[in-house]
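Report on the following structure.
The values are calculated or read from the model by the stated rules, or taken from the named source; none is laboratory data. Keep in mind the model is a prediction, meaning the values are calculated, not measured. Reconstructed Cβ throughout: ideal geometry from the backbone, glycine too, with neighbour counts over all protein chains shown. Ligands, DNA and RNA are stripped out before the accessible areas are found, and what is left, the full protein with its side chains, is counted by its heavy atoms. Shrake-Rupley method; radii C 1.70, N 1.55, O 1.52, S 1.80 Å.
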Amino acid sequence: MRVLVTGAAGYVGHGVARAFRAKGHTVYGLVRSEEDAHLLSLDEIWPIIGDLDHPDSYSHALDEVEVAVHCAFDFSSDKGVEQDEKTIDTIIGLFSKSPFPRSFIYTSGVWVYGSMGYKMADESMPLNPIDIIKWRPSHEEKVLKATSSNLRTVVIRPGCVYGGVGGLTNILFTSTLNGAVTIVGEGHNRWPMVHLQDLAHAYVSAAENELTGIILNVVDDSTATLREMAEAIAVAAHLEGKINVLPIEEAKKQFGPLVDGFLIDLTVNNSRVKRLLGWQIHHAPFVYEANLFYSAWQTAQESEEF
């Protein structure tokens with residue numbers, strides 16, 4: 001297949017682009033700089049330098065591909081939500097005009113469920129998104145409503161992604177520089193997790209199997225609490241037992257609305273993606289290989305110093 005991935009230099013987008021290329025597909029990656037374009041070229045991915053604010057900068061690539069995978073989102077930008085909707089409209093608008101079958105895979109996330117405690121969330125349940133992604137369900141709906149005989153649509157809801165040197169776990173790793181692993185609250189809540197490579201394989205399988213009009217939760221089977229994850233990191237950092245609890249009000253000053261994500265208590269059902277795609281979990285749960293992930297983060301920090 002010919003595939004365009006937005007956010008191809010980002011944490012999730014780069015992993016997804018590499019996974020498509022590993023299966024032999026021709027991959028185009030949307031990036032914003034020459035430096036990122038160079039990195040994509042090293043991974044055998046054709047770089048497209050463009051900007052989500054300017055659809056004309058990448059619309060020519062959409063004319064050439066069969067599959068568009070939207071992974072980009074800029075949480076640091078005030079225009080992030082507007083950019084996301086504009087990108088959805090651009091992809092749907094161009095793909096809907098094609099006389100040939102096209103596929104659009106949209107990246108959402110499990111935070112749309114909100115906290116559910118010990119009740120397991122599945123794709124059929126009503127949503128209660130945390131404030132920082134309150135807009136996400138309407139964007140999911142826009143994608144799915146565009147489904148037609150020639151436009152296949154899939155919404156993927158990843159868990160909290162780990163592996164490599166990105167994701168929310170990096171915040172936990174970084175806190176060790178102050179002599180303890182810092183968590184928000186007591187840490188009895190559970191984060192739905194998924195390794196980046198396992199997640200990326202789900203995107204590829206969804207495209208290859210030509211699913212349409214469907215939502216897929218992509219999470220692993222782990223049920224460790226945030227405190228258990230922090231304890232595993234503390235051992236990896238030779239700080240065994242040193243867990244610092246950051247009061248919620250103080251955390252809000254430091255992290256803003258992202259705090260709701262740190263506090264989320266959620267277990268998510270992954271049976272649909274396993275059943276429809278034969279998706280398998282290849283990586284051990286985070287707590288069992290926290291030392292490996294911490295080592296990767298340390299190496300990345302050392303590299304940045306040179």
Toy charge model, Lys and Arg Cβ at +1, Asp and Glu Cβ at -1: the range 172-270 dipole around Cα centroid in debye, rounded to 20, equals 360
Relative contact order of the range 5-44, please, whole-number percent, based on alpha carbon pairs below 8 angstrom and at least 6 residues apart. 42
How much length is gained on full extension from Asp51 to Ser295, taking 0.36 nm per residue of separation minus their Cα-Cα distance? 84.5 nm
For the range 127-227, what is the charge dipole size about the Cα centre, in debye to the nearest 20, if Lys and Arg each add +1 at the Cβ and Asp and Glu each add -1 at the Cβ? 280
Taking Cα pairs closer than 8 Å and at least 6 residues apart, the relative contact order of the range 92-246 in percent is 27
Computed from the mean reciprocal separation of all distinct C-alpha pairs, what Kirkwood hydrodynamic radius does the range 125-259 have, in Å? 17.1
Charge tally for neighbours of Gly163 with beta carbon under 10 Å away, counting Lys, Arg as +1 and Asp, Glu as -1, is -2
The list [x] 33, 59, 8, 0; [y] 32, 56, 12, 0; [z] 28, 50, 20, 2 gives values of P(r) over Cα pairs in 20 Å bins from 0, in percent, and only one came from this structure; which label was calculated from it? [x]
Nothing charged except the Cβ atoms of Lys and Arg (+1) and of Asp and Glu (-1): what's the magnitude of the dipole of the chain about its Cα centre? Round to the nearest 20 debye. 920
May I have the count of lysine pairs in the chain with C-alpha atoms under 29 Å apart, counting pairs 8 or more residues apart or located on different chains? 28
Tell me, what % of the accessible area of the chain is carbon and sulfur with a 1.4 angstrom probe? 51
Give me the accessible area per residue for the range 180-263, probe 1.4 Å, as a whole number in Å². 42
Radius, Kirkwood style, for the range 1-115 when every pair of distinct Cα atoms is counted (Å): 14.3
Normalised by the empirical 2.2 N^0.38 Å for globular proteins, what value does the Cα Rg of the range 236-282 take? 1.83
Pairs of Cα atoms under 8 Å, at least six residues apart: use those to get the relative contact order of the chain, whole percent. 18
At 1.4 Å probe size, put Leu30, Leu94 in order of accessible surface, largest to smallest. Leu94, Leu30
The range 55-115 - accessible surface per residue (Å², probe 1.4 Å): 41
Just add up the charged neighbours of His38: K/R +1, D/E -1, any other residue whose Cβ is under 14 Å from the Cβ of His38. -4
Given charges at Cβ of Lys, Arg, Asp, Glu: the chain dipole, positive-most of Tyr203, Thr147, Thr267: Thr147
